[in-house]
Every structure is written in C-alpha cells, then in structure tokens.
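The values are calculated or read from the model by the stated rules, or taken from the named source; none is laboratory data. In this text, all values refer to a predicted model and were calculated from it rather than measured experimentally. Methodologically, a virtual Cβ is constructed for each residue, glycine included, from the backbone with ideal geometry; neighbour enumeration extends over all protein chains shown. In case anyone asks, the SASA skips ligands and DNA or RNA and just uses the protein heavy atoms, side chains included. Shrake-Rupley method; radii C 1.70, N 1.55, O 1.52, S 1.80 Å.
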Protein chains: 2
Amino acid sequence: MDHGGAGTPARIREFLDRERPATPCVVVDLDTVRERYADVREALPGARLFYAVKANPAPEVVRVLVGLGASFDVASPAEIDLCLAQGAAPETISYSNPIKKRSEIAHAHAAGVRLFAFDSEQDLEHLAAEAPGASVFCRLLIHSEGARTPFGKKFGCAREMAADLLVRAAELGLDPYGVSFHVGSQQTDPAAWEVGIADAAWVFRAVAERGVRLRLLNLGGGLPASYLEATPALPVYGKAIREAVARHFGADVPEVAAEPGRAVVGDAGVLRTEVVLVSRKSYDDDHRWVYLDTGRYNGLAECEGEAIAYRFVTPHDGGPVGPVVLAGPTCDGDDVLYQRTVYELPLALRAGDQIDILSAGAYTASFASVFFNGFAPLPTHCIGARG
Amino acid sequence: MDHGGAGTPARIREFLDRERPATPCVVVDLDTVRERYADVREALPGARLFYAVKANPAPEVVRVLVGLGASFDVASPAEIDLCLAQGAAPETISYSNPIKKRSEIAHAHAAGVRLFAFDSEQDLEHLAAEAPGASVFCRLLIHSEGARTPFGKKFGCAREMAADLLVRAAELGLDPYGVSFHVGSQQTDPAAWEVGIADAAWVFRAVAERGVRLRLLNLGGGLPASYLEATPALPVYGKAIREAVARHFGADVPEVAAEPGRAVVGDAGVLRTEVVLVSRKSYDDDHRWVYLDTGRYNGLAECEGEAIAYRFVTPHDGGPVGPVVLAGPTCDGDDVLYQRTVYELPLALRAGDQIDILSAGAYTASFASVFFNGFAPLPTHCIGARG
C-alpha cells in the first residue's frame, strides 16, 4: 500500500522503541503540536485560533497551547475546567457548543467564560438569564460538500433566523458578536468555506440594517490532518479563505476566528497497536482478516463508515502484500475498520507484530469506550517539550 | 407515539422520584434481571446459559446471576476478572471471543478458565500452547437475516474449515467440544437459528466420520429485548429453536448452550435523560430538534444507523404530539439518534423536562466514551434484591 512515503516519525519511534509501552496506546509529540499550531497561524494570519479541545483533551496538549497563546473552543463544563486547570485564562475560552443546559451556562459564567455560541431562541434566553452581558455568536446551518465527517443538519440555523436571533440577543442585553459556521471535519475542499462566508456576510448586512453591528466571523474547524487520501496544503486553504472573505466582506473586514483541532494534533500522534490474529474465513476467500488490539471502541471511532482512512506502518513494509480486512478486538460485528476501503498489507504479517497508525492524534483516545467488552480506554503518552 | 402502552416500571420510577439522581443515568432493577433470566431458562429448558457480560458488566448484575447459577460468556481478561470478583467459579466461564492474544489466553488459563471459542488455526495453536487440554468450540460463519445489529462476516469460519480445525484441535491435545454460531443481536425472526443449527449438525457429522465426537451446540445470543418494534415472545423463539435442533440432530441430541445478554438485562434498565434544548432550524421546517443529555457517545451507542429504536416516556404523554429529530449533547454531527425513524413527541416538551428511555439496560453504560467532548461515562444505579 501507499503510505505516502512516510514512516513513523523519528521522535515517536525512538520513544516506542525505548519504553515499549503496553499496546494499544497513543503517543503525542508536543513539539509537533507546536509546529502544526504555527502552520495554522501562518495559513490564517491575523485569525484568533481557538483550539478545539475535543480533538485531543490531553492536559499536556492544552498546556503547550496555553503557552503558545492559543484560545480554546470547548464543548462542556468539564472541558472548561480542564483548560483552566492547565492555565488558560477564562477570557480565552469560547463555549462553542450551542447545545447546553442552563446549569452548564451558569457553570461557565461562574468560571469567567464570556463568549458563547448559540443557534436557538431557547439557548439565547438561557444565556441572557445565566450569562448576562456575554458576547454571543450565532451558528449558521450551511450545506457543504467534501468533508470526511460532515455535520449534517444538527447544528446551526438558517440565516434569516440567525439574523432575527442576533437582533433578539441585543434586546436581551447580550452582546451580538458575530456568526460561526462549520464546513465539516477533515474538509478536503479549500473552497468549501465560501458558502458559509457568503451567508455570514449576508447576516452581517441584514442585522446592520436593523442597527446591530456584528464583528466576529468564526470559520469553525475543518482543516485537515494527513490521512491516506491526500489533501491540499494548509496555505492553499488559507488563501481560498482569505480571498472568499475579501470577496464577500469587501473593505468591511471582520475579526476572524477559527477552531482548529484535527489540524493541530492529528499529525502529532501515533497509535501503536498489536496484531492479535491473522486468519481466513474459508478456503475460497483470499482476503485475510487482520485483527488489531485497537478498534472502533478503543481508539478508532472515526473508522465508523470508514470516514477516516489512516496510514499504517508495519514491520514488514517493502515485502509482498495482499488484500486485508482490518478489524478490532471486541465481540462486536460493527468493530470492523476497513472492509470497503482497499488496504493491502504484507503477507508476512503475523500475530504479535506491532503496527503504527499514523496521524492518530485527533479524535482517538477521548472517544474510547469506558469498558466495552472489558477493554480499557486508550492511554496517551506525551513526549517532547512541555511548555 | 406508541409506547406499547408501557410507562416507566414502577420500582424504577419510585427510585428516580425519591433519589433524583443526576442525569443522564441508567437504573437497573435486579429483580427484573432475575425474572428475565428465569424467562430465558423457561424458553430454552435444559440449555446451559452463559450470560453475555458485555451486555451489562455492572458488578451487581453479575453477582445476581452468579446467585442464580448462571454461567458467563466473556470477551476479555477484564471480564473474566470481573466475574471471578463477583463469585463466579472459573469453570462457569466461557471465553467466547475468538480474537485474543496469546497473553490473554494465558491470563484466562491461569485464572482457571477451561472453555474457549476459536475460529482460526492461529488462535487454535495459541490455545494449545497456553491452555493445554482446554475444551474448545469453533464458531461458524453463518448468514442470517432479521437481526437489528447483524454481525457481518467478522466472526466464524466456513463449515468445511471448522470441521478441519476441530479435527486439528484434537491433534493438538485440546478437547474439541463443539460449535457455536450467532444470528446477530436483537434477532427479530425466531426461524433465524435454523441455518446455524443445520450447519452445526453438518459439522458434527463431518468430524464424527473422522473419529471426533462433538457434544456442544452453542446457540449464541440474539434473543430480544423490548424496543419500539415488537418481537415475538421468548417461548416462540424457544419452540422454533427446539424444533430445529430436533430436525437436524434427530435422536443424537447435543448439549445445548446459549449466550443471552440483551434478553436478560435489556428490559431491566431505564435511562433517565434531561431535555437540553428544543429548537427549530428554520422558519420553513416544522421539525423540532430535541437535544438530550444522553447521545451516541454517552449511552445510546446502539442508535448508530438507528439500529435500536427505544421507547420514550415523557412527562407530557397523552398531549398533542409532533415530529421530532432526536439528538445527543456533543458537538459531533453524528451524535444524532433518530432522523429517519419517525418519532413524534409532545408539543409541550421543554428544556429541563426529564424523559425515561425504556429497556436501556443492555449495551448502554459500558459503551460510553471515557471523555468525548468532556462528557462523563453513563453511571449505573442498581436497585432491587442483590442476591
């Protein structure tokens, strides 16, 4: 198979060879986190970056980003508390989940958080009651293609409703700060942001006519990590986004924010796994089934629907290969990683071999089940500069 | 919507009303576990019942079943240790996961486990090395329709290969005990077992001709719990299975085993959840989105693909209803419970209302993510006789 020429990054490989941690586990290189954060900054100059904590909530990762001056996009009170414990200032935190209880808003407000997403009147009323005077931005529901893990219609509201709600926010004593949208995670098309930027500009104009001046354009997430399918380089995304902002906002340039998660931590992590078994199902099917000690319920949740196709490094790379079906270790029929996506792995692969799954730093460990089939969650080991 | 006439079971409702535990949580009534276990015994008289620990590994549930004389189907060393800690004897444990490391087999053998599933030559060789003399049964790959969570091709091997492997087991000094198969979980068709029973009988005959006498027919799991879609009563399954065994095995009746999980604990549990938000997406879409504090990543994993459609009890049942989309609390676009399955819920439903999700005792709590989006795993409260 094509690994894009890359093996396991040297610093992580050295750690694994030296420490031999029990598998499965994720190793995150904090120096790579720094590098990728700098890459995103360079691609989106001037944008305020809110790290999407959900991508990898390892305390060490958050601490490094605090040191780099990042802001934080959180989804829950526990993520707020995590950021604060790692030294983040409350004014760097955006509570970007439009689905929250009144009690969760109150928790955030008591912790000093003053920036919130919303997409419904009910949430807005809760915000006015529990976080009076807070800055709020409305999430737009947009339709975009090209994401490997699209959002569907769960978040956001139509632009006409968004405009009404932002005016309503001002009436409720909140600060109507701007709009956000999300093009879906692991977005492969740099042009995908344009639809949201155009809708955002429409909302800016619509509410300006009603006396409300918005300032924030939040581009959400979507910037990619490096999986099997190649994506354009980050600067290509940056250029497409900047040009779209200029096209739709003209001289009236808004404050720009983004919520990168995968692009910051994805490539910084390697998931080391062990081959549990290699077998065949019958005498007339040449496919080998390769069972790993990691699967959809203890690290590879994003293999649902084969959305994310990771790159694999085996000890036998370079030797003859054949088609495989890759599956996890549980007694669950859905715990199959790749059946349609074509993977060819070395014929020499055996039980006990160790495989490195590259770019596994995002959306792996925190997704893992607490005890499904008795398998433990995936541990994370951080290496490199700790801020 | 149709709840099948049932509300929240009285004992669980009384506990919830009295204790007001934080939501979301699952409450399991151990008296119902006893009753359902007795129901399965009655449906399959004479069969040895191995409780599928993965369905609900709450220690209290395992302890009650130890007290009732159950055996246990486990998927991992941690499930073995859990059963032993709750008083199970090692000879009541079946390591039914055909995907296991040599070190996991060694762990099981050291703990006294002497019964193992397998479906590949490699696993068989590991068993011979690490669990010499153990009783082993071969899992057959069968094709069956009608399961709400089918197994696909992940487990088992074709019957010709199974026969060869069972003969090989004897050569390796293992005890070739029998065969197993699985019709898929929440199997709605009582006739689905017949294909597997027929294949099992074929294997019994094929290896008998080669001098190996098998004794065990393991029917796996598949017996249902009570969700929105009605299923036949357990005695209907029992009758269909008994008749199929008689048809294919004749006078040469094997020892029969089954691995019920969902049928024992599913109906014993209620998941109490709170409505986080009710909203609309635009002025021209009448669907309300109802967001709950439980979703696919903290309890309702089996809503993947809308496989399991639970029954809901709301405080406004009986009032006028309208269509809803049901979703979970995370910032994840896939954390939507039902979009295609038609649910109509009361128009009076509001944020803060509590909803009971019935028959949520199986495959909920242990599936939950350890920290996805900062949401905690789902806690379980057990009530009733503790054996």
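Just a few scattered comments:
- Label-to-label distance, residue B:85 versus residue B:208, with points set 7 angstrom from Cα along the beta-carbon direction: 4.5 nm.
- Scanning chain B for the beta carbon that comes closest to the axis linking it by rotation to A yields B:370, 2, distance in whole angstrom.
- Put simply, when A:345-356, B:272-283, B:229-240 are sorted by average Cβ atoms within 10 angstrom per residue, most first, you get B:272-283, A:345-356, B:229-240.
- DSSP bridge orientation in segment B:30-266 - percent antiparallel, rounded to nearest 5: 5
- Its Cα centre serving as origin, segment A:193-290 has a Cβ charge dipole (Lys and Arg +1, Asp and Glu -1) of approximately 280 debye.
- Over the protein assembly as shown, the fraction of Cα-Cα pairs per 20 Å bin, rounded to whole percents and listed from the shortest bin up, is 16, 47, 31, 6, 0.
- Between the listed residues A:358, A:193, A:178, the Cα displaced farthest toward the positive end of the dipole of chain A, a dipole computed from Cβ unit charges relative to the Cα centre, is found at A:178.
- Applying 1/(1 + (r/R0)^6) with R0 = 60 Å to the Cβ-Cβ distance of residue A:255 and residue B:251 gives a FRET efficiency near 0.15.
- Considering helices alone, the calculated mean residue ellipticity of chain B at 222 nm is -8500 deg cm²/dmol, with DSSP H runs of length four and up weighted by -39500 (n - 2.57) and normalised per residue.
- Within segment B:117-139, backbone nitrogen closer than 15 Å to the virtual label 7 Å beyond the Cα of residue B:106 toward Cβ: B:126-132
- Taking the centroid of alpha carbons for each part, segment A:68-136 and segment B:124-203 are 52 Å apart.
- Pseudo-label separations to other copies for residue A:282 - Cα-to-Cβ vector, 7 Å, nm: 4.8
- Computed over segment A:130-183, the quotient of the alpha carbon radius of gyration and 2.2 N^0.38 Å is 1.28.
- Within segment B:30-266: Cβ-based charge dipole about Cα centre, in debye rounded to nearest 20 (Lys, Arg +1; Asp, Glu -1): 100
- Cα-based Kirkwood hydrodynamic radius, segment A:100-153, one decimal, Å: 12.4
- Projected label points at residue B:243 and residue B:350, each 7 Å from Cα along the beta carbon direction, are separated by 5.4 nanometres.
- Here the Gaussian network model covers chain A, with springs between Cα atoms less than 10 Å apart; of A:319, A:305, A:261, A:319 fluctuates the most.
- P(r) tail for segment A:284-387: Cα pairs beyond 17 Å make up 55% of the total.
- Exercise: per-residue mean of other protein chain Cβ atoms within 10 Å, A:73-79: 5
- Relative intensity, log₁₀ I(q)/I(0), of segment A:30-266 from a Debye sum that treats every alpha carbon as a point, q = 0.16 Å⁻¹: -1.13
- A crude spin-label estimate for the pair residue B:342 and residue B:125, with each label 7 Å from Cα along the Cβ direction, gives 5.6 nm.
- Among B:369, B:103, B:144, residue whose mean-square fluctuation peaks in a GNM of chain B (springs only between Cα atoms under 10 Å): B:103
- Rounded to 10°, Cα long-axis angle of helix B:121-130 versus longest principal axis of chain B: 80
- Most mobile listed residue (A:373, A:97, A:218) in chain A, GNM with C-alpha springs under 10 Å: A:373
- Among beta bridges that DSSP assigns inside the protein assembly as shown, antiparallel share in %, nearest 5: 40
- Accessible surface of residue A:267 - all protein chains present, 1.4 Å probe, nearest 10 Å²: 30
- The relative contact order of chain A, computed from alpha carbon pairs under 8 Å that lie at least 6 residues apart in sequence, is 21 percent.
- HN-Hα J in Hz across segment A:65-78 - Karplus 6.51, -1.76, 1.60, θ = phi - 60°, x for Gly and Pro: 6, 4, x, 8, x, 6, 9, 9, 9, 10, 10, 6, x, 5
- When only the Cβ of Lys, Arg, Asp and Glu is charged (+1, +1, -1, -1), the dipole of segment A:255-329 relative to its Cα centre reaches about 260 debye.
- For the segment A:301-307, counting C-beta atoms of other chains within 10 Å of every residue's C-beta and taking the mean gives 2.
- At 7 Å out from Cα toward Cβ: residue B:59 inter-copy label distances (nm, ascending): 2.6
- At 7 Å out from Cα toward Cβ: residue B:132 inter-copy label distances (nm, ascending): 7.9
- Ratio Rg/Rh, restricted to segment A:56-170 and using Cα atoms, in which Rh is the Kirkwood radius: 1.00
- Peptide B:344-353 has a mean shielding of 1, counted as Cβ atoms of other protein chains within 10 Å of each residue's Cβ.
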